[in-house]
There are 2 protein chains.
Amino acid sequence: MMDILVVGSVALDTVTTPFGKAKEVLGGSATHFSAAASFFAKVKLVGVVGKDFAEEHLAFLQSRAIDLGGLRQVSGRTFRWKGEYGYDLNEAKTLETQLNVFAAFDPTLPDGYQGSGIVFLANIDPDLQQKVLSQVRTPRLVAADTMNYWIAGKHEALLTVLKKVQVVIINDAEARQLAREPNLVKAARQILSWGPRCLIIKRGEYGALMFSDGGWFAAPAYPLEAVFDPTGAGDSFAGGLLGYLAATGDFSETNFRRAIIMGSVMASFNVEDFSLNRLKTLTRQEIEARYREFQRLVHFDALS
Amino acid sequence: MMDILVVGSVALDTVTTPFGKAKEVLGGSATHFSAAASFFAKVKLVGVVGKDFAEEHLAFLQSRAIDLGGLRQVSGRTFRWKGEYGYDLNEAKTLETQLNVFAAFDPTLPDGYQGSGIVFLANIDPDLQQKVLSQVRTPRLVAADTMNYWIAGKHEALLTVLKKVQVVIINDAEARQLAREPNLVKAARQILSWGPRCLIIKRGEYGALMFSDGGWFAAPAYPLEAVFDPTGAGDSFAGGLLGYLAATGDFSETNFRRAIIMGSVMASFNVEDFSLNRLKTLTRQEIEARYREFQRLVHFDALS
């Protein structure tokens, strides 16, 4: 069992979907990631919140046994994001972003964090990703996410980070933009040529694809009758994936496939309610049952 | 081994993709379907072409042992479609449609066609689908495709057809529009409530989903490094699917899953070149090899 260090945003989200509205609820990439990963492994969260960050949110994260030694609470307001989704839940429309205390975020790892076995660099400024990574001694596995904003605006810094990353977890539009190549297979080859041994493409309701030296793997998303709020699905996916890898300590191609399904399982639960609410009642039994449902979902026999 | 009867368009397509242009090449839903299905079963094609339809196209279809007794050649010009694709190859932009001889298409089955075991009603006017179906005596399996134009303009006629159909093969936007329900799982339940035992959703580069009483099945698309022309992918998919069912005569849930993968295999070859060109050199060995690649693509192990 390895520890996982995650650096990313801890936010208050205001989200409108066709199914309702949630105002200033717990969100952020590091939050969704940590909560999902906490079902499998010990997580150390590096981030920043303001004085307005409610005690109940801290209590929830602590109830998931997440180490908050790296979560600084400083004067000012917590990072806020406001977005909405139409019936096509695959894409969020950002209405407002308030960086607030995140604008001056300068992550310094507390003692005990430098030896983390797995590091997840959530979607933040590549310079900050690099700064965190440089403080970890000899991680066994480093994974990173990013977004169009950094791909366009900090391409060089991002490539510097990717050279030190084994697993890239991004969506298909980001992969195409990053590689400047519309064909996904060619884009994957390009990205892998920069250093990562594994590229995992998130495709929302269409599932995920893994490209690596060991081959290609396609995982579906679980067809859900009630998708309430897709916010954080990608980070829950990464959390389930890296959490499972941390728990098993097995980085083989075979186990990466299991881990991607576990990521898909956690993402499928995450979207069943607003914020992280579904994870508050989620059990290990439900997780394992849905994993088995994924097995049934994709199974087909050899030609007879 | 059952025969398959297909009714649909036989066309001359002019297609522009980011990878080139093809002018007045062989196309049409019945054509793509028949060519794909012909690798597995005997196909009877019902359609119409004009006097301008080249002898070489007839020769190609005959070389695939497709029965053209139901393909009438009448005075006038063949149906023409002109379209283009951007880098997002999932969606065609129709530039021009010339119905020509298709405008007066009034399908009457020749002798020997009434006893077909499997019927595929490709995407044409639901009144014509109904007219063809009423001439087949006791088909063992009827499958149908449709499109937004008929869903919006001939909803009643379409529902009348669907009551007599066991397998509906449409894309996700069409399923949502047909059921008037944005959630795909709920849309599937709605469509199945009208009579079909099985709904198969085509999702282009994202694969296919099957909803039936027996459960849900998710199939990926094969990640291709060279997609030249997606025209006809959906009909090749249906052709591989129903061709495999006809060849095996097994309509179990287990065999439907194999058939959907076989449809995905045929669609993956279809898009590797313009028109039906890839199918001209395709071999049984290549088909079976790609089926095995699909097995590797989706495989993951149980939790250890």
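The values are calculated or read from the model by the stated rules, or taken from the named source; none is laboratory data. Here the structure is a predicted model, which means the values were calculated and not measured. So basically every Cβ, Gly included, is an ideal-geometry build from the backbone, and we count neighbours across all protein chains shown.
Is one or more of the residues making up region A:231-250 touching a Leu at 6+ places or on another chain (Cβ under 6 Å) and either within 11 Å of chain B (Cβ to nearest Cβ) or at pLDDT 95 or above (or both)?
Checked region A:231-250: no residue is touching a Leu at 6+ places or on another chain (Cβ under 6 Å) and either within 11 Å of chain B (Cβ to nearest Cβ) or at pLDDT 95 or above (or both).
What are the residues in region A:201-220 that are at pLDDT 95 or above, at the interface with chain B (Cβ under 7 Å from one of its Cβ atoms) and assigned to a strand (DSSP E or B), if any?
A:Leu209, A:Trp216, A:Phe217, A:Ala218
Could you say whether any residue in region B:139-157 is of a type in the set (A, V, I, L, M), modelled with pLDDT of 95 or more and touching a Ser or Thr at 6+ places or on another chain (Cβ under 8 Å)?
No.
Yes/no matrix, rows are residues, columns are (1) buried (at least 24 other Cβ atoms within 10 Å of the Cβ); (2) out of contact with any Phe, Trp or Tyr (no Cβ under 9 Å at 6 or more places or on another chain); (3) within 17 Å of B:Ala122 (Cα to Cα); (4) among the basic types (Lys, Arg):
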| residue | (1), (2), (3), (4) |
| --- | --- |
| B:Val25 | no, no, no, no |
| B:Lys44 | no, no, yes, yes |
| B:Val48 | yes, no, yes, no |
| B:Glu55 | no, yes, no, no |
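Could you grab the pairs with beta carbons closer than 7 Å, sequence gap of 6+ or different chains, first residue in region A:65-90 and under 30 Å from A:Ala221 (Cα atoms), second one among the small types (Gly, Ala, Ser) and outside any loop (DSSP other than H, G, I, E, B)?
Sorted first by the residue in region A:65-90, then by its partner, the pairs are A:Ile66/A:Ser34; A:Phe79/A:Ala11; A:Arg80/A:Ala11; A:Trp81/A:Ala11; A:Trp81/A:Gly27; A:Gly83/A:Ala92; A:Tyr85/A:Ala92; A:Asn90/A:Gly204.
Failed condition for B:Ala103, given (1) within 14 Å of chain A (Cβ to nearest Cβ); (2) at pLDDT below 95; (3) not in a loop (DSSP other than H, G, I, E, B), with all others met?
Status for B:Ala103: all satisfied but (1).
Might you check whether a residue that is β-branched (Val, Ile, Thr), touching a helix residue (DSSP H, G or I) at 6+ places or on another chain (Cβ under 7 Å) and within 30 Å of A:Phe251 (Cβ to Cβ) occurs anywhere in region A:96-112?
First, pick out the residues of region A:96-112 that are β-branched (Val, Ile, Thr): A:97, A:101, A:108.
Retained after the next criterion (residues that are touching a helix residue (DSSP H, G or I) at 6+ places or on another chain (Cβ under 7 Å)): none.
Taking every residue of region A:96-112 in turn, none turns out to be β-branched (Val, Ile, Thr), touching a helix residue (DSSP H, G or I) at 6+ places or on another chain (Cβ under 7 Å) and within 30 Å of A:Phe251 (Cβ to Cβ).
Which members of region A:221-237 meet the condition of being surrounded by 24 or more Cβ atoms within 10 Å (Cβ to Cβ), assigned to a loop (DSSP other than H, G, I, E, B) and aromatic (Phe, Trp, Tyr)?
None; the set is empty.
I need the full set of residues from region B:260-286 which are under 24 Å from A:Phe211 (Cβ atoms), among the β-branched types (Val, Ile, Thr) and out of contact with any Pro (no Cβ under 8 Å at 6 or more places or on another chain), in order please.
B:Ile260, B:Ile261, B:Val265
I'd like the full set of residues that are assigned to a strand (DSSP E or B), small (Gly, Ala, Ser) and in contact with a strand residue (DSSP E or B) (Cβ under 7 Å, 6 or more places away or on another chain), limited to region A:9-36.
Across region A:9-36, the qualifying residues are A:Ala11, A:Ala22, A:Gly27.
Identify, by number, the condition in (1) more than 26 Å from A:Gly263 (Cα to Cα); (2) under 19 Å from the mean Cα position of the chain (by Cα); (3) of a type in the set (S, T, N, Q) that A:Thr78 doesn't meet.
Condition not satisfied by A:Thr78: (2).
Could you list, in sequence order, the residues of region B:84-100 that are part of a strand (DSSP E or B), under 19 Å from B:Val227 (Cα atoms) and either of a type in the set (A, V, I, L, M) or within 18 Å of the chain's Cα centre (by Cα) (or both)?
B:Ala92
I want to confirm something. Restricting to region B:262-272 and keeping residues that are buried (at least 20 other Cβ atoms within 10 Å of the Cβ) and in contact with a Leu (Cβ under 9 Å, 6 or more places away or on another chain), which single residue is nearest to the other protein chains (Cβ to nearest Cβ)? Break it down into steps so the answer makes sense when it comes.
Start the filter on region B:262-272 by keeping residues that are buried (at least 20 other Cβ atoms within 10 Å of the Cβ), which leaves B:262-271.
From what is left, the residues that are in contact with a Leu (Cβ under 9 Å, 6 or more places away or on another chain) are B:262-264, B:266, B:268-271.
Details: B:Met262: 8, B:Gly263: 12, B:Ser264: 10, B:Met266: 14, B:Ser268: 12, B:Phe269: 16, B:Asn270: 17, B:Val271: 12 Å.
Selected residue: B:Met262.
Yes or no: A:Ala157 more than 18 Å from A:Lys131 (Cα to Cα), among the aliphatic types (A, V, I, L, M), out of contact with any His (no Cβ under 7 Å at 6 or more places or on another chain) and part of a helix (DSSP H, G or I)? Steps first, please.
Values: more than 18 Å from A:Lys131 (Cα to Cα): no; among the aliphatic types (A, V, I, L, M): yes; out of contact with any His (no Cβ under 7 Å at 6 or more places or on another chain): yes; part of a helix (DSSP H, G or I): yes.
In short, no.
Could you check B:Thr254 against (1) within 24 Å of A:Glu205 (Cα to Cα); (2) surrounded by fewer than 20 Cβ atoms within 10 Å (Cβ to Cβ); (3) facing chain A (nearest Cβ under 8 Å) and say which number it fails?
Here B:Thr254 clears every test but (1).
Restricting to region B:70-90, give me the number of residues that are within 14 Å of chain A (Cβ to nearest Cβ) and closer than 30 Å to B:Gln135 by Cβ. Working first, answer last.
We begin by selecting, within region B:70-90, every residue within 14 Å of chain A (Cβ to nearest Cβ); these are B:85-90.
Narrowing the set further to residues that are closer than 30 Å to B:Gln135 by Cβ leaves none.
The number of residues fulfilling the criteria is 0.
Conditions (1) of a type in the set (Lys, Arg); (2) without any contact (Cβ under 8 Å) to a residue 12 or more places away in the chain, marked per residue:
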site	(1), (2)
A:Ile4	no, no
A:Val15	no, no
A:Lys23	yes, yes
A:Gly27	no, no
A:Ala30	no, no
A:Phe33	no, no
A:Ala37	no, no
A:Lys42	yes, no
A:Val48	no, no
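Condition first: among the aliphatic types (A, V, I, L, M) and part of a loop (DSSP other than H, G, I, E, B). Now tell me which residues in region B:116-134 satisfy that.
Taking region B:116-134 as the starting set, the residues that turn out to be among the aliphatic types (A, V, I, L, M) are B:118-119, B:121-122, B:124, B:128, B:132-133.
Within region B:116-134, B:Ala122, B:Ile124 meet the criteria.
Scan region B:58-68 residue by residue and report those that are surrounded by 20 or more Cβ atoms within 10 Å (Cβ to Cβ) and not β-branched (Val, Ile, Thr).
First, the residues of region B:58-68 that are surrounded by 20 or more Cβ atoms within 10 Å (Cβ to Cβ): B:61, B:66-67.
B:Leu61, B:Asp67 - these are the residues of region B:58-68 that are surrounded by 20 or more Cβ atoms within 10 Å (Cβ to Cβ) and not β-branched (Val, Ile, Thr).
Looking only at region B:145-200, filter to residues that are within 14 Å of chain A (Cβ to nearest Cβ) and touching a residue at least 60 places away in the same chain (Cβ under 8 Å); which one of those is surrounded by the most Cβ atoms within 10 Å (Cβ to Cβ)?
Checked region B:145-200; the qualifying residue surrounded by the most Cβ atoms within 10 Å (Cβ to Cβ) is B:Ile200.
Can you name the condition, by its number, that B:Leu276 falls short on among (1) buried (at least 16 other Cβ atoms within 10 Å of the Cβ); (2) more than 11 Å from chain A (Cβ to nearest Cβ); (3) in contact with a strand residue (DSSP E or B) (Cβ under 9 Å, 6 or more places away or on another chain); (4) more than 25 Å from B:Lys93 (Cβ to Cβ)?
Condition not satisfied by B:Leu276: (4).
Select from region B:281-300 the residues that are within 11 Å of chain A (Cβ to nearest Cβ) and of a type in the set (Val, Ile, Thr) and write down the one among them that is farthest from B:Ala218 (Cα to Cα).
B:Ile287
Could you check how many residues of region B:51-83 are assigned to a loop (DSSP other than H, G, I, E, B) and among the β-branched types (Val, Ile, Thr)?
Applying the first criterion (assigned to a loop (DSSP other than H, G, I, E, B)) to region B:51-83 yields B:51-54, B:64-66, B:75-79.
Pick out the ones that are also among the β-branched types (Val, Ile, Thr) and you get B:66, B:78.
So the answer is 2.
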